[in-house]
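The values are calculated or read from the model by the stated rules, or taken from the named source; none is laboratory data. Everything numeric in this text was worked out from a predicted model, so none of it was measured. Glycine also receives a Cβ, built like all others from the backbone with ideal geometry; neighbour counts cover every protein chain displayed. Side chains included, ligands, DNA and RNA excluded: accessible areas come from the protein's heavy atoms. Shrake-Rupley method; radii C 1.70, N 1.55, O 1.52, S 1.80 Å.
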Amino acid sequence: MRKNALEYLEESALRHPDKIAFADEGGSCTFCELQNRSKRIGTALAEYFPVRKPVPVFMEKSVETICVFMGALYAGAFYALVDTKHPAARIAQILDVLQSDVIVTSEKYLKDLEKLNFQGRVLLAGELAEKEENKALLSEIRAQAIDTDPLYGIFTSGSTGVPKCVVVGHRSLLDFIDCFTELFGITGEDVIGNQAPWDFDVSVKDIYSGLKTGATVQIIPKQYFSFPTKLLDFLEERQVTTLIWAVSALCIVSTLNGFDYLVPRKINKILFSGEMMPVKHLNIWRSYLPDAMFVNVYGPTEITCNCTWYIVDREYQPGDVLPMGKAFPNEKVFLLDEEDQMITPEQIEVKGELCVSGSALALGYYRNPEQTGKAFVQNPLNDCYLEKIYRTGDLAYYNERGELCFASRKDFQIKHMGHRIELGEIDSAMDKIPEVLRSCCVYDADSQKTVCFYEGEIERRPLARALGQLLPSFMVPNVLRRVDALPLNKNGKIDRKALMELL
């Protein structure tokens, strides 16, 4: 049984030494080159980072970056990518959480780093890779490894204003990726088109599915998502077969009628997550790629990528709710009501908070025991032995088929005009209106009004009349605002904070 994620790389390097593992605009590396370069970097990093401590990586996703990630693992440490485009104040907060006086970057980002006034030691990835591998040292480090060691850290926003670093261990990743690649038939024959930034956990599925199976990971330039023709040309030229993308990235292609230009012939697997997939966009993708497998996967960073999955197996109409499906193997996913009682599949459409247990749970938030204690708690249904669960803060319910369905965030459930309203239900109604391409409803607590932003060629009055045919009057948004494009955050999700600033 594997106990370290590096075993994925080492096994693929044995099976496919000369096969391309990762490729970006500037070049590529084979599995053998990745392993050898990572070992040299690991040897160098071991001088600066104690075992099980974080390695801050101030870089964007690239072939060079994956070598640094794997090098951190060979050093017995774990990596945490620091986005070079973050504001200086947020980067300072991240480095403060990690408490590291050493940071890894490359020549390309040195000027950006200088602007941060970082007082610690700066290590250049290129120079680290010139270090001679110390086999005895790396063997000694590996001998100390256990499967609950930390593997990577990903920063999410914190309710206190301080970013939280979710730390995921090797065992959690191994359990998940073994199931993930098997369930969806990802093999060494595949080419994975990486869309997600590498400090967003969607990317974890790209990186480690490639390392495990021997599939090639093609790193798509971020700017291509603003130019669908370039994006589709890239997918066709690189013969990409597998897309594991955020919902908004898929919607960009369908909104801008990208398939009228080109349908990439090799794509046979499309897995999406991060938000609810609008059915009208899903149907556009399915119409152009009728033989492809479409999969809705769900899960927060704290449970290692995903905890539920649903292969789209029937037709849906705009406004229909796409199921979240069922739990991944070796994960327990269940609903608790407001009294912490379990909601069963027989209780159709009764909403509860979605909770998860199993080895997929993260190790917690780095150096943040208070927030860890709030989110990772004892299962209230079990008073016999220790069983940690993660409370996601998401509301879900069972449909008549026994499938889990997402309702909304608990944060998006509001009290308005004496009624309890889920903002996601308004978005579902908007999806039924043909002229609306995409929408997002928010609540302005100051004015106590619901505000719906939307893309599409329909004026406010006819839109309000159409919603009145679908929703009770108290749920029709008080304000309807058309925008050219809904703002997206760096992870490709609709940026609700940016929308609130437009109020």
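Counting only DSSP beta bridges with both residues in the chain, tell me the antiparallel percent, nearest 5.
Antiparallel bridges: around 60 percent, rounded to the nearest 5.
May I have the extent of the alpha carbons of region 35-83 along their three principal axes, as whole Å values ordered from largest to smallest?
24, 22, 12
In debye, nearest 20, what is the charge dipole magnitude of region 47-206 about its Cα centre with +1 on Lys and Arg Cβ and -1 on Asp and Glu Cβ, if you could check?
Approximately 560 debye in magnitude.
Working out 0.36 nm times the residue gap between ALA143 and ARG314, then minus their Cα-Cα distance, what length gain in nm do you get to one decimal?
Separation in residues times 0.36 nm, less the Cα-Cα distance, equals 56.6 nm.
Per residue, how much accessible area does region 298-370 show when a 1.4 Å probe rolls over the protein heavy atoms, in square angstrom?
44 Å²
Hey, can you grab everything whose amide H is under 5 Å from the amide H of MET293? Only 5+ residues off in sequence or another chain; H modelled, so Pro and N-termini drop out.
Close amide H contacts, sequence-distant or interchain: LYS269, ILE270.
Given a Förster distance of 41 Å, report the FRET efficiency between ALA498 and GLU11 from their Cβ-Cβ distance, rounded to the nearest 0.05.
Using R0 = 41 Å, I get an efficiency of 0.40.
For the peptides 28-35, 89-96, 196-203, 71-78, what is the packing order when you average, over each peptide's residues, the other Cβ atoms within 10 Å and list the highest mean first?
Output ranking for 28-35, 89-96, 196-203, 71-78: 71-78, 196-203, 28-35, 89-96.
Compute, for SER254, the solvent-accessible surface of its heavy atoms (probe 1.4 Å) with the complete set of protein chains present, and express it in square angstrom to the nearest 10.
Its accessible surface works out to 10 Å², give or take rounding.
Return, ordered by residue number, the residues of region 260-298 whose backbone nitrogen is under 15 Å from a label point located 7 Å along Cα→Cβ of THR229.
Backbone N within reach: 260-263.
Go through region 438-455 residue by residue and turn each phi into a ³J(HN,Hα) via Karplus (6.51, -1.76, 1.60, θ = phi - 60°); whole Hz please, and just put x for glycine and proline.
The phi angles translate into 7, 8, 8, 9, 10, 10, 8, 5, 5, 9, 6, 10, 8, 10, 10, 8, 8, 9 Hz.
Quick check: the distance between the Cα centres of region 182-253 and region 477-503, to the nearest angstrom?
One Cα centre to the other: 26 Å.
Using 0.36 nm per residue of separation minus the Cα-Cα distance, give me the extension gain between MET342 and ALA485 in nm, one decimal.
Result: 47.5 nm gained on full extension.
Once amide H atoms are placed 1.01 Å from N in the peptide plane, what residues at a sequence separation of 5 or more from VAL55, or on another chain, have their amide H within under 5 Å of its amide H?
Residues meeting the amide H criterion: PHE78, TYR79, ALA80.
What do you get for Rg/Rh over region 287-350 if you use C-alpha atoms and the Kirkwood form of Rh?
Using Cα coordinates only, the ratio equals 1.03.
Once the Cα atoms of the chain are picked out, what are the Rg and Dmax in Å?
22.9, 73
Determine ³J(HN,Hα), in whole Hz, for all residues of region 354-364 in sequence, where each value follows from phi through the Karplus function 6.51 cos²θ - 1.76 cosθ + 1.60 and θ = phi - 60°; x replaces Gly and Pro.
Values per residue, Gly and Pro as x: 7, 10, 9, 9, x, 6, 6, 4, 5, 6, x Hz.
Can you pull the Kirkwood radius for region 313-422, inverse mean 1/r over Cα pairs, to one decimal in Å?
Hydrodynamic radius (Kirkwood, Cα pairs) of region 313-422 is 15.5 Å.
Considering the Cα trace of region 147-220, what is its radius of gyration and what is Dmax, both in angstroms?
13.7, 45
Contact order normalised by length for the chain, with contacts defined as Cα pairs under 8 Å and 6 or more residues apart; what percent is it?
10 percent
Using the reciprocal of the averaged 1/r over all distinct C-alpha pairs, how large is the Kirkwood radius of region 48-140 in Å?
The answer is 13.6 Å.
Keeping the other protein chains in place, figure out the carbon and sulfur percent of the accessible area of region 154-208, with a 1.4 Å probe.
Answer for region 154-208 is 49 percent, counting heavy atoms of protein chains only.
Which values of log₁₀ I(q)/I(0), to two decimal places, follow from the Debye formula for region 388-487 at q = 0.17, 0.19, 0.20 Å⁻¹ with a uniform point scatterer at every Cα?
Each listed q maps to, in turn, -0.81, -0.97, -1.05.
For the chain, what does the helix formula give at 222 nm: sum of -39500 (n - 2.57) over DSSP H segments with n ≥ 4, over the residue count, nearest 500 deg cm²/dmol?
So the helix-based figure for the chain works out to -8500 deg cm²/dmol.
With all pairs of different alpha carbon atoms counted, what Kirkwood hydrodynamic radius in Å does region 181-274 show?
After inverting the mean inverse Cα-Cα distance, the result is 13.2 Å.
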